[in-house]
Amino acid sequence: MEDVIIIGGGVVGSLIARELSFYEISVLLLEKEEDIPMGSTKANSAIVHAGYDPLPGTLKAKTNVEGNRLYKDLCEELKVPFKRIGAYVLAFNDDELKTLLELKERGKTNGVSEIQILKREEILKREPNINEEVKYALFFPTSGITNPFLLTIHALENAIENGAKVKLREEVIGIEKKDMGYKVITNKSGYYCKYIINCAGINADKIIHLLDPDYPFTITPRKGEYLILDKKAQNFVKSTIFHVPTQKGKGVLVTPTVDGNILLGPTAENIEDREDKSTSHEGLSEVKEKVKKLTPNVPFSLVINIFSGIRASSTYKDFFVQEIPEFKNILHFAGIDSPGLTSAPSLAKMAVEWLKKKENIKRKKNIKNFEKIVSFKELTEEEKENLIKEDPRWGHIICRCEHVSEMEVRNAINSPLPARTLEAIKKRTRAGMGRCQGAFCSYHIMKILSEELEIPINMITLRGGKSFLLNGENKVRWKYAKRS
Ligand SMILES: Cc1cc2nc3c(=O)[nH]c(=O)nc-3n(C[C@H](O)[C@H](O)[C@H](O)COP(=O)(O)OP(=O)(O)OC[C@H]3O[C@@H](n4cnc5c(N)ncnc54)[C@H](O)[C@@H]3O)c2cc1C
């Protein structure tokens, strides 16, 4: 019997698992995919928003501003990159200027500090690639950028180091009320617990409907498509550049990433299929047109990849963080769309406060800190030489674009939350995320995965399930994959 079962290993579930692992309770996180993060946390703009957009008084506004404040320390603790690069919202006419003034007031009400209103000359001096037709901009110095993959993975690894358990490839398909609490049924097994925390992202409404099929809460998947530019474009803008927001969200943006790329997007399109992560000519053309309005000289010839992410939008106008009275001791984090990445640290603290009201939970005396993972390219020449003397595989560069060594790949496979797929290696090491997008390193990584996991190379997948990378006897392999 577990004290708490968390459903879903996105940024929200993983940060909650970490916070709860600091207490004398048992925590089990169930995730349906082969790795984390795989939902919205895997594909988003990675902006730690300042907090000017959510309506005052909402949970979004409160947790956005609080989450933003928590980010610096959290990222230091989890050894995750975080940069407060600031964000501009641009106005090209008087109507948009009116919106800027409203946003400024809204930001102040929400508790956002240091908001500045800038005129054309100052904007262009700071960001010469912004459209010269700009009239005014709001500047939010507290806006930042981070790496959502590492944040989520390191949070869950730190939770594991502090005693939390994680089961991957376990999809929650049923919940039964029992005398002592609940039985959570997955595609593989059943687990008993006192408390459940639903962090199932795009499927959070489905979890609610497992309890009450008629409960009036539904998620509408909203897709966002992106283009990403090579690091050659890294000085194109220094801060995040936004249009004024609309009903559908903060709109298309141009932003640096913490790894030195430039990200363009996202669109906002309501879709039927929750798993539809395709990109389209129309979507990407829309992004291109809209970013040209912000920054006309975007070097589109430097696009190295395109992708899309799905927002868990709902008709409820706020994050739905509630315990439904008929199903006590289950806390739902549902409809966590933007600014969910920013709000996640604050939402995680809410989960702890919720549990504290129910149980007298005691903080552990010895909490393990997250230890920094060696990134070969960040070392000094002397440090590199010493490591190579210890093990020559440190000197074997697998990914030339991102300068990732063989030992970093092996360490990722042998980490507390082991990488078992090509994408899992990418997220942890950046191997395959550079200009050639894995053309050189993918096969080498597959060979290492095959060796470390002791499985044939044609069993290696891109992201689990049937996403095999090499052709062969698919039917036989799929049977074998299900067994292992
Ligand atoms: C295009 C886009 C841009 C965005 N930009 C930003 C931004 O710049 N800044 C910001 O603050 N926010 C942004 N967001 C929002 C942010 O990404 C999300 O709010 C956040 O990632 C939500 O995290 P989560 O943990 O709730 O959900 P997810 O990351 O979706 O995680 C849910 C997990 O639950 C698992 N799961 C689902 N069903 C089950 C089941 N039945 N059993 C077991 N596991 C299950 C899934 O596999 C998944 O791993 C953006 C979102 C999108 C899509």
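Only one of the numbered conditions (1) at pLDDT 95 or above; (2) touching a strand residue (DSSP E or B) at 6+ places or on another chain (Cβ under 9 Å) is not met by SER415, and that is (2).
Just to check your reading of the model, which residue among ILE5, ILE85, ILE36 is within 26 Å of THR267 (Cβ to Cβ) and buried (at least 21 other Cβ atoms within 10 Å of the Cβ)?
From the options ILE5, ILE85, ILE36, the qualifying one is ILE36.
Scanning the stretch 141-165 for residues that are open to solvent by 40 Å² or more (accessible area, probe 1.4 Å) and in contact with a Leu (Cβ under 9 Å, 6 or more places away or on another chain) gives ILE160, LYS165.
Of (1) hydrophobic (A, V, I, L, M, F, W, C); (2) over 30 Å from TYR192 (Cβ atoms); (3) open to solvent by less than 10 Å² (accessible area, probe 1.4 Å), LEU30 satisfies all except one. Which? That leaves (2) as the condition not met. Among the residues of this structure, LEU55 does not count as one that is open to solvent by 20 Å² or more (accessible area, probe 1.4 Å), assigned to a helix (DSSP H, G or I), touching a residue at least 12 places away in the same chain (Cβ under 8 Å) and away from the ligand (no atom under 14 Å from the Cβ). Scanning the stretch 287-307 for residues that are under 25 Å from the mean Cα position of the chain (by Cα), free of Cβ contacts under 8 Å to residues at least 60 places away in the same chain and open to solvent by 30 Å² or more (accessible area, probe 1.4 Å) yields a count of 1. Scanning the stretch 68-82 for residues that are out of contact with any Phe, Trp or Tyr (no Cβ under 7 Å at 6 or more places or on another chain) and crowded, with 19+ Cβ neighbours inside 10 Å, we see that the one that is nearest to ILE153 (Cα to Cα) is VAL80.
The values are calculated or read from the model by the stated rules, or taken from the named source; none is laboratory data. The structure presented is a predicted model; accordingly, all values stated were derived computationally and were not measured. Cβ: placed from backbone, ideal geometry, glycine included. Neighbour counts: every protein chain shown. Ligands, DNA and RNA are stripped out before the accessible areas are found, and what is left, the full protein with its side chains, is counted by its heavy atoms. Shrake-Rupley method; radii C 1.70, N 1.55, O 1.52, S 1.80 Å.
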